[in-house]
Protein chains: 2
Amino acid sequence: MSALDINIKVTPEMLHWGRRPTFEMVEEIKNGYPSDVSRWLIGAHTGTHVDAPSHFVEGGTTVDEIALDNVVGPARVLDLRHVEEEITPADLQQAGIGDAKRVLFKTRNSTDALTRAEKSPTWVGLGPEAAQWLADNGVLFAANDYMTIEAPANTEKWPTHVILCGAGIVILENANLADVEPGDYMMVCQPVPFEGREAAPAPTVLLPLAY
Amino acid sequence: MSALDINIKVTPEMLHWGRRPTFEMVEEIKNGYPSDVSRWLIGAHTGTHVDAPSHFVEGGTTVDEIALDNVVGPARVLDLRHVEEEITPADLQQAGIGDAKRVLFKTRNSTDALTRAEKSPTWVGLGPEAAQWLADNGVLFAANDYMTIEAPANTEKWPTHVILCGAGIVILENANLADVEPGDYMMVCQPVPFEGREAAPAPTVLLPLAY
């Protein structure tokens, strides 16, 4: 069995939307302590992370309340490397979304914008029409390979987030799909259960589809 | 397929060894922002978390470098609810550890010490002789159900941590096994990849053993 880790590393130098994470060493072996112990200041949206519905819906499901069915189960990686900026419903259909309930969008971000330490002027996101298609078709989980699933033109009113969060669809952002072949996998995505909050780092692996 | 979540929630009121996590709201819907956004100050050892070998071994494997084989694969939950304070090699054998490579110790902690918001005066940990047995038998991963895998009497010199970290065995602490039947599972444990550091929150699920 070979598992694929699709997570980006969390480091003070990493790609970030607003502020980078920082850490301090509380104890260090090299200073005579028995062990290394670190403490971290991180955004809930740091690295490969989940947005829960409550990110955009007041009173919505929080990250510690997400049903395992949303984030654990068969998932389909769609090849959307040809898309320029905004994924449309036609793109989803042509890439073979079919009746998949958990979907990950492999775009050129994984080998381009996601690899840079500074925010890119452009990237590929999910358009609101495609978000509505996911909501209308009972999708439970949607992932893309940049800091936001929103397309660049829509980051003032966030319509894709409003639609996805409103429909209870869990969002994964900053998934690194560079080394993942499009196709079907068993996915395990696990947000850190920050009680009552809107998002959390959510390490994710893809396993051979055997369930 | 039913998955079991064995994680404890991360909250400012939680059980802690030294300092509890805190968070601040950066943006809030109720204050007119489009979304909720939070930021967290957490120890690397907060909640259900992994200790990498570098926790006790200077230059050892860090949490972002852990091989997937250590934390993803078949795992055995051992019933050790009768143990009073320190798990011995005989306890491991009697509980049926056999040739399991990833093991989780279900003790009375899960329904006792782990359920309290304040540190308990006593709990069940893994004794150093049992740690050495794991090292001698090629075990890759060991989990217990309290803030530390160390037995209470050994938390000055940390011999169990020294042995496990020295042998490259990944440690999971604060696993909540109260609702988990002893037996074999497919485990997926995923530390947040804090680059170069000794530990990280590591949400973990147990799935039916189908691999």
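Here are a few things to note about the model shown:
- Chain A: most fluctuating residue of A:170, A:71, A:192 per GNM, C-alpha cutoff 10 Å: A:192
- Residue-count net charge about residue B:13 - beta-carbon cut-off 10 Å; Lys, Arg +1, Asp, Glu -1: +1
- Above-threshold pairs, the threshold being 19 Å between Cα atoms, out of A:9/B:101; A:157/B:30; A:101/A:157; B:101/B:157: A:9/B:101; A:101/A:157; B:101/B:157
- Between A and B, accessible area buried - total, square angstrom, nearest 100, 1.4 angstrom probe: 5100 Å²
- In order along segment B:146-153, the Karplus-derived 3J(HN,Hα) couplings, from 6.51 cos²θ - 1.76 cosθ + 1.60 at θ = phi - 60°, round to 8, 4, 9, 7, 6, 6, x, 6 Hz, and Gly and Pro are given as x.
- The GNM of chain A, with springs linking C-alpha atoms under 10 angstrom apart, assigns the highest mean-square fluctuation among A:141, A:194, A:105 to A:194.
- Residues whose amide H lies under 5 Å from that of residue B:209, counting only those 5 or more places away or on a different chain, are B:186; hydrogens are built 1.01 Å from N in the peptide plane.
- When residue B:181 is represented by a point 7 angstrom out along its Cα-to-C-beta vector, the spacings to that point in the other copies are 3.6 nm, nearest first.
- Rounded Å value of the spacing that divides the Cα centres of segment B:162-199 and segment B:70-111: 13 Å
- When residue A:32 is represented by a point 7 angstrom out along its Cα-to-C-beta vector, the spacings to that point in the other copies are 5.4 nm, nearest first.
- Based on protein heavy atoms only, segment B:1-160 ends up with 41 Å² per residue of surface accessible to a 1.4 Å probe.
- Inter-chain shielding of B:183-193 (mean C-beta neighbours from other protein chains, 10 Å cut-off): 6
- Taking a Cβ cut-off of under 13 Å around residue A:134, the surrounding Lys, Arg, Asp and Glu residues balance to a net charge of -1, with basic ones at +1 and acidic ones at -1.
- Taken one residue at a time, the phi angles of segment A:162-167 give Karplus couplings (6.51, -1.76, 1.60, θ = phi - 60°) of 4, 5, 5, 5, x, 8 Hz. Gly and Pro are set to x.
- Taking chain B as a Gaussian network of alpha-carbon nodes connected by springs under 10 Å, the highest mean-square fluctuation of the residues B:164, B:68, B:104 belongs to B:68.
- Proximal aspartates and glutamates to residue B:119, defined as alpha-carbon separation beneath 18 angstrom and excluding residues fewer than eight positions away on the same chain: B:13, B:84, B:85, B:86, B:145, B:150, B:156, B:173
- Long-range amide H partners of residue B:49 with built H, under 5 Å: B:173, B:202
- Cα-centred dipole magnitude for segment B:1-135, charges only on beta-carbon of K, R (+1) and D, E (-1), debye, nearest 20: 300 debye
- Under 5 Å, built H, 5+ apart or other chain: amide partners of residue A:170: A:141, A:142
- Here the 3J(HN,Hα) profile of segment B:174-184, calculated from phi with Karplus coefficients 6.51, -1.76 and 1.60 at θ = phi - 60°, is 6, 6, 8, 9, 4, 9, 9, 6, x, x, 9 Hz, Gly and Pro shown as x.
- Prolate/oblate/rounded call for segment A:37-87, Cα gyration tensor, a/c under 1.5 rounded: prolate
- Whether segment B:92-211 is rounded, prolate or oblate, judged on the alpha carbon gyration tensor where a/c under 1.5 counts as rounded: rounded
- Accessible-area composition of segment B:4-207, carbon plus sulfur, in percent [1.4 Å probe]: 47 percent
- The fraction of all Cα pairs in segment B:4-207 landing in successive 10 Å bins from 0 to the largest distance is 9, 36, 36, 12, 5, 1, 0, given as whole percents.
The values are calculated or read from the model by the stated rules, or taken from the named source; none is laboratory data. If you're wondering where the values come from, they're calculated on a predicted model, not measured in any experiment. Positions of Cβ are backbone-derived with ideal geometry, glycine not excepted, and every protein chain shown enters the neighbour counts. Surface accessibility is based on the protein's heavy atoms, side chains included, excluding ligands, DNA and RNA. Shrake-Rupley method; radii C 1.70, N 1.55, O 1.52, S 1.80 Å.
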